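Student: I'd like to ask some things about the structure below.
The values are calculated or read from the model by the stated rules, or taken from the named source; none is laboratory data. Every value quoted in this text rests on a predicted model; they were computed, and no experiment measured them. Here the Cβ positions follow ideal geometry from the backbone for every residue, glycine too, while neighbour counts run over all protein chains shown. To get the accessible areas, we keep the full protein, side chains included, count just its heavy atoms, and leave off ligands, DNA and RNA. Shrake-Rupley method; radii C 1.70, N 1.55, O 1.52, S 1.80 Å.
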Amino acid sequence: MSREPVTLTIDGREITVPAGTLVIRAAERLGIEIPRFCDHPFLAPAGACRQCYVEIEGQAKLVTSCTTRVAPDMAVRTQVTSELVRRAQAANLEFLLLNHPLDCPVCDRGGECPLQDQALAFGPGESRYIEPKRTYRKPIPLSPLVNLDRERCVLCARCTRFCDEISGDRFIELYDRGAGERVSIAAGEDFRSPFSGNTIQICPVGALTATPYRFVARPFDLSSTDSTCAHCAAGCAIRVDVRRGKVVRVLARDDVEVNDAWICDKGRFAFAAPDRPERVTTPLVRARGLEPASFQEVLGEIAARCRGGRVGILVGGRLADEDAYALSKLARTVLGTNDLDHRRAFHGGRAELLAAARPMSVTYRDVEEAAAILVVGLDAEQELPILHLRIRKAARRGARVFVLHARRTRLHDLGEHLLVRPGHEAFALERIREALAAGGDGPEARIAAALAEAGERAVVLAGPRLAEHPLAADVALGLAERVGARFALCARRAGDRGALRAGVHPTLLPGGRRVTDDVERGQVEAVWGPIPAEPGRDAMGILRAAAGRELDVLYLVGVDPLRDLPDPALARRALANAGYTVIQGLELGELEPYADAFLPAAAAAERDGRVTTWEGRPRPLRAARAPLGLSRPDWEIFVGLAEALGADLGLGSLEAIRAEAEPLLAPREVPVRSSAWGAAGPPQWIEERVLFTYPLLVDEGRLLEGATELKAALEEEPFAEIHREDAEALGVADGGWVRVRTSAGDAVVRARVGETVAPGAVFVPFNQPGLPVAELLAGRFTVGVHLEPAAEPAAEEVA
């Protein structure tokens, strides 16, 4: 479509806009409000509600401004200057209100309702309709999260269009016609979409309401703060609503550069964890058990243990960028150690260096405008949901989407999947690279041809599954460079990219500078002072060192190695044998017996700061309430520990941290790797059947505690996904019970048999209720597995 400028007049005012612009958008640019219900800037025009009538000179009838595009010299009159339009809009509002209940005082939308606002501004003032209104059973639960009050619905179709156009999860639809038309769902079905909450937010009349917020608060009760979702690395813009010191609602904010107008249901509904009674908000130190103490006392005790001792630091994925920078400096300059790591997946190689040194190599906008997208080792819907929506948006605009993964993802309806065994992704990438020259007609050749044709408009997105070989991500990077495509190594957790860039890593310093490189280390030492030159241990190495009594202090920051890392047996030995164990976070959980000291940290909604998206884009965190109890932001705790050790980090405020970090984190070039596979050599071809695992969007994670309705809607019981060929060979039936046995343990779960995983691969979700799959792992997120049919276990044994 041509984007040449078009000049027209609206209510006598001239405006020039790009060709193809809708009349309603042109009016918005002039500050003219045209009432509407079905129109939404991120949905295709529908003209369903008929509220946005305007008059166009030369046309016999009124037209809907949300479906009419501008034309040269068009003269438009809105309700501001046309009495005919004003009366038509008032009549339409009267019609929409015929059966709408007058329940605004008890409606969750009351006080922030477009129907209320427009009825007041543009309506007739009173209705001529005196007959009884239609009523329905209410609410109708579409899912444990979403309720439908059918008599409020004005059939704008925003909710159904969102499902069709944006999420692709077509659970709800408009049924029947005429007076019987209604939003409904198939009998016995749930609105089982990880994006269902968006339909609630965009409903203009309160017909869809959220179970967790139903009858909880009124808009005038709320204190609202703009912030960023800290559940994953998508970086969604959100609004946090607090009532009497408690978070009661999270809404999406519009941000066209990141999340458009959408967030996932985890970001929307998983906000209760910081208010759980299990949260600890007072420092604790072990005397005759864990006893409350002041921060000064606990930090003094920790400092005494750290002074001159060997310290290993494990970090989770929740730290803000400033926290990560302060910790990186504390570890190197005060504790004298490079034994710190934030990672669960250990990529290594040049791809990781690039992610640390060069932010924004790929952006959401690049994905949206791409002509070809290759997603490797990433389940976007489950791991970065808003990136998943942006990939779908690109596909609707004509992009060719390819997914190289061990398991079919939710992109299957619009992209081509190449299923490969876990650990074999690097081989498939090599075959794609070879097909660039050799051609062919297989899936690798189709991918190669699409990437080559797209060139600079191609995007390669690499995810955590590539971590099964230290340089597999480099193979994906090499493929991208070969065709001129953009490349991103996608972090999953909110704090991962910021921690990597800050140097919470055993071999990397801020900005991806290598500890072992004298020049690069010297650049950091010029700011920080002396830094240990020996590379540190990674997360599993730190646990092995603690288990072998090689560490005097094991410092755990926002991480539970019993739940988060793939070797709980090793974690238990490490916790038992560490000289002194410090826990810093929101709660103790299963770590309580091992803790010698506890430091309470502020939750994401209780502190200011920044987090970095998977792109490398900094996003603001803002405090929606004060920290509970004596909790503090993590960076303040790190600064306090340094002071207890007699050192001054020089990081007395967020502004001071940012000012010092900015030059070290400025984008920089990284060295080019010379060989195809590097010192690690090519990956080993795996012949045995392999179990692989990763967390689904909704699981038993700590930050999902208290989100009862969310878990009821989206959490799944444990299962083993098996390829049909493997199941037939083993005599395992779909829906039957199967014993999953590894070198670390075994479990009995339900089998899901089909063609949704690669032959030879078995997928079991990482942390589902009753089955901590980490107990089946032995240091990696893949492990050899044996399967056999099993009898239904007794009720108390069911995983």
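Student: Net charge within 15 Å of residue 223 by Cβ-Cβ distance, Lys/Arg positive one each and Asp/Glu negative one each, not counting residue 223 itself?
Tutor: Net local charge, residue 223 excluded: +3.
Student: Something else about it: Roughly how many percent of the accessible protein surface of region 137-274 is carbon and sulfur, given a 1.4 Å probe and a whole-percent answer?
Tutor: 50
Student: Moving on. 5 Å is the cut-off here: which amide hydrogens, built 1.01 Å from N in the peptide plane, fall below it relative to residue 375, excluding neighbours closer than 5 in sequence?
Tutor: When sequence neighbours closer than 5 places are left aside, the close amide H contacts are 402, 403, 404, 461.
Student: At a threshold of 8 angstrom on Cα-Cα distance, excluding pairs fewer than six apart, so keeping six or more, what relative contact order does region 3-99 reach in percent?
Tutor: Here the relative contact order equals 31 percent.
Student: Sort the following peptides by mean Cβ neighbour count (other Cβ atoms within 10 Å, averaged over residues), highest first: 104-113, 224-233.
Tutor: So the peptides 104-113, 224-233, ranked by packing, come out 224-233, 104-113.
Student: If you roll a 1.4 Å probe over region 5-97 with all protein chains in place, what percent of the accessible area is carbon or sulfur?
Tutor: Looking at region 5-97 in its full context, I get 50 percent from C and S.
Student: Here is a follow-up. May I ask for the percentage of alpha-carbon pairs in region 5-97 that lie more than 23 Å from each other?
Tutor: 16
Student: Okay, next question. What does the highest-first list of 212-221, 641-650 look like by mean Cβ count within 10 Å?
Tutor: Answer by packing, highest mean first, reads 641-650, 212-221.
Student: Report the net charge of residues surrounding residue 488, where surrounding means a beta-carbon distance below 9 angstrom and charges are Lys +1, Arg +1, Asp -1, Glu -1.
Tutor: -1
Student: Right, another one. Report D for region 125-211 in µm² per second (integer): Stokes-Einstein, Kirkwood Rh on Cα pairs, 4 °C, 1.567 mPa s.
Tutor: In µm²/s, the coefficient rounds to 95.
Student: Taking Cα pairs under 8 Å and at least six residues apart, what relative contact order does region 349-489 come out at, in percent?
Tutor: 31
Student: Still on this model: What ratio of Cα Rg to 2.2 N^0.38 Å holds for region 106-165?
Tutor: 1.35
Student: Okay, moving on. Show me, for region 424-433, the HN-Hα J-couplings you get by feeding each phi into the Karplus relation (A = 6.51, B = -1.76, C = 1.60, θ = phi - 60°), rounded to Hz, glycine and proline as x.
Tutor: These are the phi-based 3J(HN,Hα) values: 9, 4, 5, 5, 5, 5, 5, 5, 5, 4 Hz.
Student: State in Å² the accessible area per residue of region 5-97; use a 1.4 Å probe, count heavy atoms of protein chains only, and round to the nearest integer.
Tutor: Computed with neighbouring chains in place, this is 45 Å² per residue.
Student: Computing the accessible area with a 1.4 Å probe over protein heavy atoms, can you report the carbon and sulfur percentage for region 690-798?
Tutor: So the carbon and sulfur contribution to the accessible surface is 47 percent.
Student: Tabulate in residue order the Karplus-calculated ³J(HN,Hα) for region 376-383, using 6.51 cos²θ - 1.76 cosθ + 1.60 with θ = phi - 60°, rounded to whole Hz; enter x for Gly and Pro.
Tutor: The phi angles translate into 10, x, 9, 9, 4, 4, 7, 10 Hz.
Student: Could I ask something else about it? For the chain, what does the helix formula give at 222 nm: sum of -39500 (n - 2.57) over DSSP H segments with n ≥ 4, over the residue count, nearest 500 deg cm²/dmol?
Tutor: Rounded to the nearest 500, it is -7500 deg cm²/dmol.
Student: Taking H as built 1.01 Å from N, whose amide H comes closer than 5 Å to the amide H of residue 10, not counting residues under 5 places away?
Tutor: Correct list: 15, 76.
Student: To the nearest Å, what is the center-to-center distance of region 216-236 and region 53-110, using C-alpha atoms only?
Tutor: When both Cα centres are located, 32 Å separates them.
Student: Can you say what percent of the DSSP beta bridges in the chain, counting only those with both residues inside, are antiparallel? Round to 5.
Tutor: For the chain, the DSSP antiparallel bridge percentage is about 60.
Student: Further, regarding this structure: Considering amide H positions built from the backbone, and no H for Pro or chain starts, which residues 5 or more places from residue 537, or on another chain, come under 5 Å of its amide H?
Tutor: 339, 340
Student: Still on this model: Whole-Hz Karplus ³J(HN,Hα) for region 266-279, in order, using 6.51 cos²θ - 1.76 cosθ + 1.60 and θ = phi - 60°, x for Gly and Pro?
Tutor: Taking θ as phi minus 60°, the curve returns 5, x, 7, 10, 8, 10, 8, 4, x, 9, 5, x, 6, 5 Hz for region 266-279.
Student: Determine one quarter of the surface area of the Cα convex hull of region 137-274, which equals its mean projected area, and express it in nm² to one decimal.
Tutor: For region 137-274, the mean projected area of the Cα convex hull comes to 9.0 nm².
Student: How much of the pair distance distribution for region 349-489 lies past 22 Å, counting alpha-carbon pairs only, in percent?
Tutor: So the pairs more than 22 Å apart make up 28 percent of the total in region 349-489.
Student: In addition: Given the whole protein assembly as supplied and a 1.4 Å probe, what does the accessible area of residue 447 come to in Å², nearest 10?
Tutor: Its heavy atoms expose roughly 0 Å² to the probe.
Student: If I stretch the segment between residue 4 and residue 533 completely, what's the gain in nm (0.36 nm per residue apart, minus their alpha carbon distance), one decimal?
Tutor: So the extension gain works out to 184.6 nm.
Student: Please give me the summed charge of the neighbours of residue 727: other residues whose Cβ is under 14 Å from its Cβ, Lys and Arg +1, Asp and Glu -1.
Tutor: Neighbour charge sum, excluding residue 727 itself: -2.
Student: Calculate, for region 690-798, the solvent-accessible area per residue in square angstrom, rolling a 1.4 angstrom probe over the heavy atoms of the protein chains.
Tutor: The answer is 39 Å² per residue.
Student: Let me ask something else about it. Using the basic label-point model (7 angstrom from Cα toward the beta carbon), what is the residue 794 to residue 659 distance in nanometres?
Tutor: 6.7
Student: Hey, can you find the accessible area per residue of region 299-409 for me, probe 1.4 Å, expressed in square angstrom?
Tutor: Result: 23 Å² per residue.
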